[in-house]
Amino acid sequence: MSVLSACGGEAPGSEQEASLEAREAALSSTATSRGCTFEVTSVVVTQAPVPPVTENKLHRRASASCPWAAASLSLPSSSGYAPPSLYVAANELGVAVGLTYKSSYGGGPYRTLSFFHVDPETMTIIRRDGHQVSGTIDLTSVAIELDGTTLTSYGTKAGVIYGETGTGPEFVVSYPDFFTSTTPGTVLAF
């Protein structure tokens, strides 16, 4: 079993002797909401001779400051050799997860860029919004702006995010009132 970074992947065969726990701790993204720590992880569950399948999850960690028990939420799995990218941001309104993934082995390099609003108490998805990408894509950040409601995500791509404005290998996605509305996000390439 291999662990992939929340923001990239490990080279084949690297860190084979490192413990799973140490690698998970080093390769994850965390955020806090309502006293609870939330962490995203990507774990390779199948390998050669077929392209790998990576399970992506959001975990709520148990602690003295968290009023709820530990829990996990499965997010879409990713297929293929390009690792998914996965980030989490949170505040008192909820937990936001950004994920890039490939949903099948075939179909060329196409990926999906998705954002999830997760209820911190029930660990259920309240909102899911996705963008199809005609190539490869990687997130470099997911953040909640100072206004407390706008979700912003940056990344790089080789291809087009359907619905984007502008052109270029980098992008920013912005969702006003992410936790309190269903207003679609805007994608600007540059």
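The values are calculated or read from the model by the stated rules, or taken from the named source; none is laboratory data. Computed from a prediction, not measured in an experiment: that's the story for all the values here. Heads up, the Cβs are rebuilt from the backbone with ideal geometry, glycines too, and the neighbour counts pull from every protein chain shown.
Would you confirm whether or not the range 112-132 contains a residue that is in contact with a Leu (Cβ under 8 Å, 6 or more places away or on another chain) and exposed (fewer than 13 other Cβ atoms within 10 Å of the Cβ)?
Scanning the range 112-132, I find at least one residue that is in contact with a Leu (Cβ under 8 Å, 6 or more places away or on another chain) and exposed (fewer than 13 other Cβ atoms within 10 Å of the Cβ), so the answer is yes.
Could you please give the count of residues in the range 91-129 that are outside any strand (DSSP E or B) and aliphatic (A, V, I, L, M)?
So the answer is 2.
Any idea which residue in the range 170-190 is surrounded by the most Cβ atoms within 10 Å (Cβ to Cβ), counting only those that are part of a loop (DSSP other than H, G, I, E, B) and not polar (S, T, N, Q)?
178
Within the range 129-154, track down each residue that is among the charged types (D, E, K, R) and more than 23 Å from residue 92 (Cβ to Cβ).
138 - this is the single residue of the range 129-154 that is among the charged types (D, E, K, R) and more than 23 Å from residue 92 (Cβ to Cβ).
Which residue out of 133, 142, 97 is of a type outside the set (Lys, Arg) and either in contact with a His (Cβ under 6 Å, 6 or more places away or on another chain) or over 17 Å from residue 40 (Cα atoms) (or both)?
Values: 142 fails: either in contact with a His (Cβ under 6 Å, 6 or more places away or on another chain) or over 17 Å from residue 40 (Cα atoms) (or both); 97 fails: either in contact with a His (Cβ under 6 Å, 6 or more places away or on another chain) or over 17 Å from residue 40 (Cα atoms) (or both).
Going through 133, 142, 97 in turn, just one is of a type outside the set (Lys, Arg) and either in contact with a His (Cβ under 6 Å, 6 or more places away or on another chain) or over 17 Å from residue 40 (Cα atoms) (or both): 133.
Return the residues of the range 61-77 that are under 15 Å from the mean Cα position of the chain (by Cα) and either touching a residue at least 40 places away in the same chain (Cβ under 8 Å) or in a loop (DSSP other than H, G, I, E, B) (or both); say none if nothing qualifies.
72, 73, 75
What tally of residues in the range 102-140 results from selecting those that are over 21 Å from residue 180 (Cα atoms) and either touching a residue at least 24 places away in the same chain (Cβ under 8 Å) or within 13 Å of the chain's Cα centre (by Cα) (or both)?
Selection size over the range 102-140: 17.
Select, from 98, 135, 166, the only residue that is loosely packed, with under 15 Cβ neighbours inside 10 Å and closer than 16 Å to residue 186 by Cα.
Only one candidate passes the filter, namely 166.
Give just the number: which of (1) of a type outside the set (A, V, I, L, M); (2) modelled with pLDDT under 95; (3) surrounded by fewer than 19 Cβ atoms within 10 Å (Cβ to Cβ); (4) within 30 Å of residue 135 (Cα to Cα) does residue 79 not satisfy?
For residue 79, the exception is condition (3).
Here are the criteria: (1) surrounded by 15 or more Cβ atoms within 10 Å (Cβ to Cβ); (2) free of Cβ contacts under 8 Å to residues at least 40 places away in the same chain. Tell me which single one residue 58 does not satisfy.
(2) is the only condition that residue 58 fails.
Could you look through the range 17-68, keep only residues that are at pLDDT below 95 and in contact with a helix residue (DSSP H, G or I) (Cβ under 9 Å, 6 or more places away or on another chain), and pick out the one that is nearest to residue 102 (Cα to Cα)?
Going through the qualifying residues, I end up with 43.
Is the range 42-51 home to any residue that is surrounded by 22 or more Cβ atoms within 10 Å (Cβ to Cβ) and under 12 Å from the mean Cα position of the chain (by Cα)?
yes
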